[in-house]
Amino acid sequence: MSNNPVIRMSSLCRAVSRDGQTVQIEIYEGDDGKWILEVVDEFNNSTVWNDQFNTDQQALDEAHKTITEEGIESLIGPPASPPH
């Protein structure tokens, strides 16, 4: 028997590009049945919303709203520092 948790990903996960930049929208189900929204940029920086959503569509709508209102660059962090 495996102790690895099963993560239920939404079928609404997708890449979104604007202004020459791309982020990956990840939506997955939390322990309480609500949906968690995470956006990952090209440098593997992650932005996770504190609030969870009743549906995966609400989470996707929030991601699109943030990109439209604040710009995609608001979800993009700095490049990773090279190892020393």
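The values are calculated or read from the model by the stated rules, or taken from the named source; none is laboratory data. Just so you know, these numbers come straight off a predicted model, no measurement behind them. Glycine gets a Cβ as well: all are built from the backbone with ideal geometry, and neighbour counts include every protein chain shown.
The table below lists the values:
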{"read-out": "Qualifying residue in the stretch 7-19 (condition: out of contact with any Phe, Trp or Tyr (no Cβ under 7 Å at 6 or more places or on another chain), buried (at least 16 other Cβ atoms within 10 Å of the Cβ) and free of Cβ contacts under 8 Å to residues at least 24 places away in the same chain)", "value": "no"}
{"read-out": "Criterion (at pLDDT 95 or above, over 12 Å from I76 (Cα atoms) and among the small types (G, A, S)) met by exactly one of S2, S11", "value": "S11"}
{"read-out": "Out of E69, E42, E73, sole residue that is of a type in the set (D, E) and either out of contact with any strand residue (DSSP E or B) (no Cβ under 9 Å at 6 or more places or on another chain) or surrounded by 17 or more Cβ atoms within 10 Å (Cβ to Cβ) (or both)", "value": "E69"}
{"read-out": "Spans of strands (runs of 3 or more DSSP E) in the chain with at least 2 residues β-branched (V, I, T) and in contact with a helix residue (DSSP H, G or I) (Cβ under 8 Å, 6 or more places away or on another chain)", "value": "21-29, 35-40"}
{"read-out": "The stretch 53-70 residues that are among the hydrophobic types (A, V, I, L, M, F, W, C), paired with ones that are assigned to a helix (DSSP H, G or I) and modelled with pLDDT of 95 or more (beta carbon under 6 Å, 6 or more apart)", "value": "F53/A59"}
{"read-out": "Residues within the stretch 14-30 that are modelled with pLDDT of 95 or more and of a type in the set (D, E), tallied", "value": "2"}
